[in-house]
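Worksheet for the structure shown next.
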Amino acid sequence: MTVIATTDRLLLRNWAEEDRGLFHEINSDPEVMEFFAFRRDRAEADLMLDGIRDAIATTGLGLYAAALKETGEPIGFCGLWHPELEPFLTAGTIEIGWRLAKRHWGKGYVTEAGAAALRHGFTQFDPPEIVSFAVTDNHRSTAVMRRLGLRHEPERDFDHPRVPDTHPHLKRHVLYAISREQWKQAVS
Ligand SMILES: CC(C)(COP(=O)(O)OP(=O)(O)OC[C@H]1O[C@@H](n2cnc3c(N)ncnc32)[C@H](O)[C@@H]1OP(=O)(O)O)[C@@H](O)C(=O)NCCC(=O)NCCS
């Protein structure tokens, strides 16, 4: 099992067969998926997990599984991704993103995992910046962005082109970013 990073309480690692139930849960739970226009059934979640697992294995970049160090229990994901959102973001831009099972919210796990993922992203891939974006009302997610040192860049907010017209309230996204220089300064 490829371990990407360890923190005080967590492992960031590639996905394992026994994670499939948790991965389906976080892709289908209506509360977890409040700000997404879709839910994934088990087959769709399995297919997505396969794609992420391959991407992590071949490129090192992906939505890493976050697991409790003490028990090994998977709790969600926190990782890096190429969002492919030209023209809003230039090709090759790295996004940081997260999603946890509801019972693990409110414990600081994502902020802890996110700091490790940012470090991994900047040290392994040396991008000029790492961005994150969320539906405007997703305050739990934007709070994580701010805790990790990302800053809102309002002039880069955008209407997500892959959100269907059936869900207009989920279209507007806020864009947060941290540059390589800002990250280096924050961790030095
Ligand atoms: C977004 C999401 C990952 C945030 O999770 P979270 O648990 O709120 O974030 P953190 O792990 O940083 O935890 C912070 C909270 O834990 C609390 N906390 C408890 N123990 C803590 C500890 N030891 N260290 C730090 N914070 C701790 C903090 O006070 C804070 O609580 P608050 O929300 O009441 O202010 C989660 O809500 C989620 O999975 N949402 C659904 C998916 C989603 O929308 N993803 C983002 C799409 S853009």
Using θ = phi - 60° and the Karplus form 6.51 cos²θ - 1.76 cosθ + 1.60, what ³J(HN,Hα) does each residue of region 160-169 get, whole Hz, x for Gly and Pro? 5, x, 9, 7, x, 4, 5, 10, x, 6
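Work out, step by step, the length gained on full extension between Arg20 and Met33: first 0.36 nm times the residue separation, then minus their alpha carbon distance; give nm to one decimal. Show your work: numbers first, answer last.
Working: separation 13, 0.36 × 13 = 4.68 nm, distance 1.70 nm.
So the extension gain works out to 3.0 nm.
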For region 8-15, Karplus-derived ³J(HN,Hα) couplings (6.51, -1.76, 1.60; θ = phi - 60°; whole Hz; x for glycine and proline) come out as 3, 10, 10, 10, 9, 8, 6, 7
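Based on the Cα gyration tensor of region 3-187, what are the three equivalent ellipsoid semi-axes, each the root of five times an eigenvalue, rounded to whole Å and given largest first?
Values: eigenvalues 103, 89, 50 Å².
Semi-axes (√(5λ), whole Å): 23, 21, 16.
When a footprinting reagent is the concern and you count Cβ atoms within 10 Å, what order do Lys102, Lys184 take, fewest first?
On the way: Lys102 13, Lys184 10.
Least to most surrounded, the residues fall as Lys184, Lys102.
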Can you give me the Cα centroid spacing of region 135-171 and region 23-50 in angstrom? 19
Along region 62-74, what does the Karplus equation 6.51 cos²θ - 1.76 cosθ + 1.60 (θ = phi - 60°) give for ³J(HN,Hα), rounded to whole Hz, x for Gly and Pro? x, 7, 5, 6, 9, 10, 5, 4, 5, 10, x, 5, x
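Where a number appears in this text, it was derived from the coordinates with a stated rule and is not lab data. This is a predicted model, so every value here is computed, not measured. Using ideal geometry, Cβ is built from the backbone for each residue, glycine included, and neighbour counts are taken over all protein chains shown.
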